[in-house]
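Input: a single structure, listed below in structure tokens.
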Amino acid sequence: MVYNKEPESEPRIYGYTRTATTVLTHFMCISFTVFIAVLSRPGTSLFSWHPFFMTLAFSFFMTEAILLFSPHGSLAQKFPHKTKGRAHWILQCLCVTCAVLGLAAIVYNKHLNGKPHFTSWHGLLGLLTVCVVGLQSVAALPLIYHSLAKGWSLAKLKRYHAASGLVTYLLGSGSLLLGLSSAWFTASVGEYTWYLSALCTALNGLVIMNQVSRAYTAKKRLQS
């Protein structure tokens, strides 16, 4: 019937725009991570490892882990979904490892200097984010080893994982944004550099949020 023949494809310019946006996101997450690495100079002090590892975890590894599934500009676009899933989980494990190391560095640094722990919103949100991202990676095991998902449909697990993963990513982005307001960062950069860094983090969050929400909407449309 005529009313069932709805256009399945969108204007080509939209696809080009999303591809360009995804490529830009790759560039921004890599550039921001390199910038923080140069600024913090990891190894020069115990504290220097904290911004380096946290940025590596949430700006690079976690962003790239989600972009693997992007239909526009994924670095693993030609690989099967199963391979993407394994690569995604490996990147997430690297994210957790870096996040734990970054958390350990700042905790031990504060301990050595006799400073109180988790007294700022940045510290509290950062601690929450590290805990959540660890749980998120463990909870993803049934998606790789389906025998662990007894009593749960794989489709439902994927929906829950996508939704919780988006929340986790936004927590990480929020923690990075609060970190940009720290005394160390504001004293190390100028006003324009601060706004550019905040813009990179915010734009990455918007792109990831759009990717996950569009993928979920598309699946709902196919199931209806």
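Just to be sure before I move on: is Leu127 under 21 Å from Cys98 (Cβ atoms) and modelled with pLDDT of 90 or more in the structure I sent? The answer is yes for Leu127.
Restricting attention to segment 156-201, which residues are farther than 16 Å from Phe60 by Cα, hydrophobic (A, V, I, L, M, F, W, C), out of contact with any helix residue (DSSP H, G or I) (no Cβ under 8 Å at 6 or more places or on another chain) and exposed (fewer than 14 other Cβ atoms within 10 Å of the Cβ)? Ala183, Ala187 - these are the residues of segment 156-201 that are farther than 16 Å from Phe60 by Cα, hydrophobic (A, V, I, L, M, F, W, C), out of contact with any helix residue (DSSP H, G or I) (no Cβ under 8 Å at 6 or more places or on another chain) and exposed (fewer than 14 other Cβ atoms within 10 Å of the Cβ). Is it the case, given these coordinates, that Tyr195 is modelled with pLDDT of 90 or more, within 21 Å of the chain's Cα centre (by Cα) and not polar (S, T, N, Q)? It is true that Tyr195 is modelled with pLDDT of 90 or more, within 21 Å of the chain's Cα centre (by Cα) and not polar (S, T, N, Q). Of the residues making up segment 40-86, those that are open to solvent by 40 Å² or more (accessible area, probe 1.4 Å) and under 16 Å from His161 (Cα atoms) are Phe69, His81, Lys82, Arg86. When we screen Val107, Val138 for residues that are at pLDDT below 95, closer than 23 Å to Phe61 by Cβ and β-branched (Val, Ile, Thr), the only hit is Val138.
Please enumerate the residues belonging to segment 142-154 that are without any contact (Cβ under 8 Å) to a residue 24 or more places away in the chain and either among the hydrophobic types (A, V, I, L, M, F, W, C) or exposed (fewer than 11 other Cβ atoms within 10 Å of the Cβ) (or both). Residues satisfying the conditions are Tyr145, Ser147, Leu148, Ala149, Lys150, Gly151, Trp152, Ser153, Leu154. Among the conditions (1) in a helix (DSSP H, G or I); (2) more than 16 Å from the chain's Cα centre (by Cα), the only one that His117 does not satisfy is (1). Residue by residue through segment 59-92, note down the ones that are more than 12 Å from the chain's Cα centre (by Cα) and assigned to a helix (DSSP H, G or I). His81, Lys82, Thr83, Lys84, Gly85, Arg86, Ala87, Trp89, Ile90, listed by residue number. When Ser213 is tested against the conditions (1) under 20 Å from Val132 (Cβ atoms); (2) part of a loop (DSSP other than H, G, I, E, B); (3) hydroxyl-bearing (Ser, Thr, Tyr), the lone failure is (2). Among residues of segment 29-45 that are part of a helix (DSSP H, G or I), those with a beta-carbon under 9 Å from a residue that is charged (D, E, K, R) at least six positions away or on a different chain give the pairs Cys29/Glu64; Ile30/Glu64.
What pairs come up if the first residue lies in segment 84-111 and is acidic (Asp, Glu), the second is open to solvent by 40 Å² or more (accessible area, probe 1.4 Å), and their beta carbons are under 6 Å apart, counting only those six or more places apart or on different chains? Listed pairs, sorted by first residue: none to list.
The values are calculated or read from the model by the stated rules, or taken from the named source; none is laboratory data. Small disclaimer: the values here were computed from a predicted structure and weren't measured. Reconstructed Cβ throughout: ideal geometry from the backbone, glycine too, with neighbour counts over all protein chains shown. Please note that ligands, DNA and RNA were not included when accessible areas were found on the heavy atoms of the full protein model with its side chains. Shrake-Rupley method; radii C 1.70, N 1.55, O 1.52, S 1.80 Å.
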